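The values are calculated or read from the model by the stated rules, or taken from the named source; none is laboratory data. Because the structure is predicted, anything quoted here is derived from the model rather than measured. Note that each Cβ is placed from the backbone with ideal geometry, even for glycine, and that neighbours are counted across all protein chains shown. Accessible surface areas use protein heavy atoms only, side chains included; no ligands, DNA or RNA. Shrake-Rupley method; radii C 1.70, N 1.55, O 1.52, S 1.80 Å.
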Amino acid sequence: MRRRSLLLAAVPAGLVTLAGCGDGSSDSSGAEASPSASASPPPKIVDGPLPAITAGKKFGEKPTVAKGPGTPSKNLAVRTVIAGGGRPVAENEFIRADYLGQIWDTGKVFDNSYDRKRPLVMQLAQGSIIDGWRYALQGKRTGSRVEIAVPPALGYGAGGNPQAGIKGTDTLVFVIDLIESFNSRSSAKGTPVPQTDAALPEVGTGTDGKPPKVTIPSAAPPKKLVSRYVLEGDGPALKADQTVLCQFQGLVWDGGKTFERTYGSGRLSQFSLKQMQEVVKGLAQGLTGKKVGSRVLIVVPPELGYGDNPPSGGAIKKGSTLVFTVDILAAM
């Protein structure tokens with residue numbers, strides 16, 4: 001059976017759909033996309049009312065939030081609790097954020113990322129997240145804590161979310177800590193690691209979002225998988241069951257021709273390492289264990305790449321050794 005092209009794992013940033021809040025598992029009960037999301041005009045945004053945050057008041061701390069005071073607004077209520085100094089977030093960009101969500105009337109917490117110690121990575125795009133988040137967070141700066149109250153029409157609609165205990169009439173309260181944001185100009189920001197092996201490709205260390213230059217030596221390619229830092233980040237190590245958000249480019253060792261890339265294309269790539277095992281096994285293995293925030297050089301021998309079944313009509317031939325540079329922006 002012919003394996004899929006790697007191209008199918010690279011999704012245009014404006015079209016990607018995330019599974020939802022939480023740790024990426026299918027039983028997440030957070031602010032995932034509402035099935036009734038529509039291209040309606042932007043809602044009216046008001047200052048309140050909003051319940052008090054009674055404990056965990058610092059950025060990054062798990063908050064405790066009081067029940068809603070009286071009747072909630074029918075509009076989207078938004079308050080910046082802590083103003084961050086990062087860049088403003090725009091629609092269709094990705095964010096990494098911690099959050100807590102609870103029901104207005106009862107104060108019942110239905111989901112939070114603080115306990116999992118794995119912030120949510122999502123795209124602020126229609127169909128990727130409930131509209132309440134999408135509209136409330138646009139223009140907010142990274143480093144900010146934002147509290148919002150989402151009416152049903154901008155949350156889960158009349159159907160609610162029974163799995164999370166949310167009725168179709170429930171107003172939802174979220175406290176959101178905006179940690180980072182990513183767009184098609186993002187690059188890894190790690191520390192350069194000396195590239196001293198002349199038998200391996202040399203990779204540029206620029207962090208302007210442009211494709212790093214890759215110089216492939218004229219020597220024969222290595223016969224085993226190579227995975228090395230070009231820029232070493234300080235984030236957590238990727239686990240084999242995670243999904244990665246990244247910039248990448250792929251080249252063929254012989255001739256150095258680029259067969260695919262996201263750098264400079266206006267998009268980011270998002271793929272599951274587990275699923276990538278079925279496409280380019282060496283790429284998945286080379287990324288597993290590498291730190292978020294890093295740029296990684298991966299050289300994939302044929303038996304861990306496409307072997308004798310390359311995608312048709314491209315630069316990859318039977319027995320091709322593949323060279324990848326990957327900027328690991330975030331993991332989910």
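Work from the charge dipole of the chain (Cβ charges, +1 for Lys and Arg, -1 for Asp and Glu, about the Cα centre) and give the residue of Gly209, Asn92, Phe174 farthest towards its positive end.
Among Gly209, Asn92, Phe174, the one farthest towards the positive end of the dipole of the chain is Gly209.
Quick check: the distance between the Cα centres of segment 114-168 and segment 263-288, to the nearest angstrom?
Cα centroid to Cα centroid, the span is 27 Å.
Cut-off 10 angstrom, C-alpha nodes, Gaussian network model of the chain. Which of Ala77, Ala158, Ala284 fluctuates the most?
Ala158
With Cβ to Cβ distances under 12 Å as the rule, what net charge do the other residues near Leu322 carry (K, R +1; D, E -1)?
Neighbourhood net charge equals 0.
Can you tell me what share of the DSSP beta bridges in segment 68-163 is antiparallel? A percent to the nearest 5 is fine.
Percent antiparallel among DSSP bridges in segment 68-163 is about 95.
Treating cross-link reach as a plain straight distance, find the aspartates and glutamates whose alpha-carbon is under 15 Å from the alpha-carbon of Lys318, omitting any fewer than eight places away in the same chain.
Counting by Cα, and skipping residues close in sequence, Lys318 has these aspartates and glutamates nearby: Asp254, Glu303, Asp308.
Give the aspartates and glutamates whose C-alpha is closer than 18 Å to that of Lys62, dropping any in the same chain fewer than 8 places away, or say none.
Asp23, Asp98, Asp111, Asp115, Glu147, Asp177, Glu180
Name the most mobile residue of Asn161, Asn92, Asn309, meaning the one with the largest mean-square fluctuation, in a Gaussian network model of the chain with Cα contacts below 10 Å.
Residue with maximal mean-square fluctuation among Asn161, Asn92, Asn309: Asn309.
Percent of accessible area on the chain owned by carbon and sulfur, 1.4 Å probe?
About 51 percent, which is the carbon plus sulfur part of the accessible surface.
How much net charge surrounds Ser184 when only the other residues with a Cβ under 10 Å from the Cβ of Ser184 are counted, with Lys and Arg +1 and Asp and Glu -1?
Here the count lands on +1.
When a/c is below 1.5 the answer is rounded, else prolate if a/b is larger than b/c, else oblate, so apply that to segment 215-308 with a ≥ b ≥ c taken from the square roots of the Cα gyration tensor eigenvalues.
It is rounded, given that a/c, with a ≥ b ≥ c, falls under 1.5.
Compute the length gained on full extension between Ser218 and Ala199: take 0.36 nm times their separation in residues and subtract their Cα-Cα distance, giving the result in nm to one decimal.
6.0 nm
In debye to the nearest 20, how big a dipole does the chain give about its Cα centre with +1 on each Lys and Arg Cβ and -1 on each Asp and Glu Cβ?
It comes to approximately 380 debye.
Can you match semi-axes √(5λ) of the Cα gyration tensor in Å to one of these, (i) 31, 27, 20; (ii) 33, 23, 18; (iii) 42, 19, 16, based on a calculation from the structure here?
Derived directly from the coordinates: (iii).
Name the long-range amide H neighbours of Val150: under 5 Å, sequence gap of 5 or more, or other chain; modelled H, no Pro or chain starts.
Leu172, Val173, Phe174
Calculate one ³J(HN,Hα) per residue across segment 238-243 by plugging θ = phi - 60° into the Karplus curve 6.51 cos²θ - 1.76 cosθ + 1.60, and present them in order as whole Hz with x for glycine and proline.
For segment 238-243, the Karplus curve yields 5, 9, 5, 9, 9, 9 Hz.
Could you please report the charge total around Pro217, scoring K, R as +1 and D, E as -1 over all other residues with beta-carbon less than 13 angstrom from its beta-carbon?
Around Pro217, the charge tally is -3.
Which log10 I(q)/I(0) values does segment 58-162 give at q = 0.21 Å⁻¹ under the Debye formula, counting every alpha carbon as one identical point scatterer?
For the requested q values the scattering log ratios are -1.37.
Could you let me know the centre-to-centre spacing of segment 208-241 and segment 304-327, using Cα atoms, in angstrom?
16
Which value, in Å², gives the accessible area per residue of segment 228-331 when a 1.4 Å probe is used on the protein heavy atoms?
I get 36 Å² per residue for this part.
Running a GNM on the chain with Cα contacts under 10 Å, which residue among Ala125, Ala199, Ala188 ends up with the highest mean-square fluctuation?
Highest fluctuation of the listed residues: Ala199.
Kindly write out, for segment 212-225 in residue order, the coupling ³J(HN,Hα) from the Karplus curve 6.51 cos²θ - 1.76 cosθ + 1.60 (θ = phi - 60°), rounded to whole Hz, with x marking Gly and Pro.
x, 5, 10, 10, 8, x, 7, 6, 5, x, x, 8, 10, 4
If each DSSP helix of 4+ residues adds -39,500 (n - 2.57) and the sum is divided by the residues in the chain, what number results at 222 nm, nearest 500 deg cm²/dmol?
Counting only the DSSP helices, I get -1000 deg cm²/dmol.
Take a quick pass over segment 196-295 and tell me how many lysine pairs come in under 18 angstrom between Cα atoms, counting only ones 8 or more apart or on separate chains.
Here the count comes out as 12.
What's the ranking of 94-104, 53-63 by average number of surrounding C-beta atoms within 10 Å, highest first?
The most tightly packed comes first, giving 94-104, 53-63.
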